[in-house]
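Data first, discussion second: the structure below is written as structure tokens.
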Amino acid sequence: MLKLFVKNFLLPKIYPVTDVSLSKLAHLEQVKKLIEGGATLIQLRDKRASPKDFYGAAKEVLKFARAKKVKIIINDRVDIALAVEADGVHLGQDDLSPEYARKILGEKAIVGFSTHTLAQAVESIKLPIDYVAIGPVFSTTTKKNAEAVVGLEGVKKAREAIGDFPLVAIGGINLENFQEVLDAGADSVAIISDLVSEADKITERLKEFYR
Ligand code: TZP
Ligand code: MG
């Protein structure tokens, strides 16, 4: 039954997430630079924009990304994901539940779900989701009121508990520590600040992760 929802998509090793405040660039500009750096799956995250503005930004990103065959996931907002025909949505513990997101977006959508403890990760794989995210792995200032860090040990335990279910790790991950996180069992690392903080180095920074 679970497999019904597991899409034929491979999580890339690096899963960039946009941030307008950190980069001082529009989502589209970040996405262009990330795609030039090799991104194949990008999440648009915006905690500040109005729904109208986030919709507008996401709409232009989708047009660009579709032409490049790059998948776009919308953070938090199922309504915006639906409106712009994004590839999927990334939900937190307090967002609309994965069951409802699945009902709204349909079977083809990619639904990701954030967890912050081993118990949450174990529970999550019963849900109609395509990947589970665990974090923060390390301390981070990007997320307001971030939960307690799970560490590399948390990633390892999550991997042991969920078998081969697609696993993303997030929080404080950078060029120096990402390989350890992958070695601990994550399929993919989601990264914000280490990729987008320096607007003119986004493309080059992402390429460094693939060297
Ligand atoms: N969820 C857990 S930590 C985090 C989110 C959205 C922020 C990750 O940002 P950074 O800059 O890569 O630490
Ligand atoms: Mg959220």
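The values are calculated or read from the model by the stated rules, or taken from the named source; none is laboratory data. Bear in mind that the values here come from a model prediction, so they are computed numbers and not experimental data. Positions of Cβ are generated from backbone atoms using ideal geometry, with glycine treated the same way; all protein chains shown enter the neighbour counts. Each accessible area value is taken on the protein alone, full model and side chains, heavy atoms only, with ligands, DNA and RNA left out. Shrake-Rupley method; radii C 1.70, N 1.55, O 1.52, S 1.80 Å.
Quick look at the numbers
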| quantity | calculated |
| --- | --- |
| Any pair with Cβ under 6 angstrom, 6 or more apart, that starts in segment 13-30 at a residue that is farther than 10 Å from Val196 by Cα and ends at one that is assigned to a helix (DSSP H, G or I) | Ile14/Phe209; His27/Ala57; His27/Val61; Leu28/Glu60; Leu28/Val61 |
| Filter pass, Ala148 being under 18 Å from the mean Cα position of the chain (by Cα) and either under 20 Å from Val111 (Cβ atoms) or open to solvent by 10 Å² or more (accessible area, probe 1.4 Å) (or both) | no |
| Among the candidates Gly88, Gly37, Gly56, residue that is among the small types (Gly, Ala, Ser) and surrounded by fewer than 18 Cβ atoms within 10 Å (Cβ to Cβ) | Gly56 |
| Qualifying positions in segment 157-198 - surrounded by 17 or more Cβ atoms within 10 Å (Cβ to Cβ) and at positive phi | Gly171, Gly172, Gly185 |
| All positions within segment 145-164 that are in a helix (DSSP H, G or I) and out of contact with any Phe, Trp or Tyr (no Cβ under 8 Å at 6 or more places or on another chain) | Leu152, Glu153, Gly154, Val155, Lys156, Lys157, Ala158, Arg159, Glu160, Ala161, Ile162 |
| For Leu44: the one exception among (1) among the aliphatic types (A, V, I, L, M); (2) modelled with pLDDT under 95; (3) buried (at least 20 other Cβ atoms within 10 Å of the Cβ) | (2) |
| Some residue of segment 200-211 being within 16 Å of ligand 2 (Cβ to nearest atom), of a type outside the set (Gly, Ala, Ser) and surrounded by 14 or more Cβ atoms within 10 Å (Cβ to Cβ) | no |
| Subset of segment 144-158 (residues that are away from ligand 2 (no atom under 16 Å from the Cβ) and without any contact (Cβ under 8 Å) to a residue 40 or more places away in the chain) | Ala148, Val149, Val150, Gly151, Leu152, Glu153, Gly154, Val155, Lys156, Lys157 |
| Residues of segment 115-143 classified as within 12 Å of ligand 2 (Cβ to nearest atom) and open to solvent by 20 Å² or more (accessible area, probe 1.4 Å), total | 2 |
| Leading residue by the ranking (farthest from ligand 1 (Cβ to nearest atom)) among those in segment 102-114 that are under 27 Å from Arg48 (Cα atoms) and open to solvent by 50 Å² or more (accessible area, probe 1.4 Å) | Lys103 |
| Candidate set: segment 63-85, residues that are crowded, with 21+ Cβ neighbours inside 10 Å and more than 16 Å from ligand 1 (Cβ to nearest atom); chosen: the one farthest from Val168 (Cα to Cα) | Val84 |
| Contacts under 8 angstrom Cβ, first residue in segment 44-65 being closer than 15 Å to Asp19 by Cα, partner surrounded by fewer than 21 Cβ atoms within 10 Å (Cβ to Cβ) and of a type in the set (Ser, Thr, Tyr), 6 or more apart | Arg48/Ser21 |
| Members of segment 78-95 found to be within 12 Å of ligand 2 (Cβ to nearest atom) and under 20 Å from Gly135 (Cβ atoms), listed by number | Val89, His90, Leu91, Gly92, Gln93, Asp94, Asp95 |
| Pairs, first within 16 Å of ligand 2 (Cβ to nearest atom) and in a loop (DSSP other than H, G, I, E, B) in segment 165-191, second at pLDDT 95 or above and among the aromatic types (Phe, Trp, Tyr), C-beta under 9 Å, six or more apart | Gly171/Phe138 |
| Qualifying positions in segment 99-114 - out of contact with any Pro (no Cβ under 6 Å at 6 or more places or on another chain) and within 12 Å of ligand 2 (Cβ to nearest atom) | Ala101, Gly112, Ser114 |
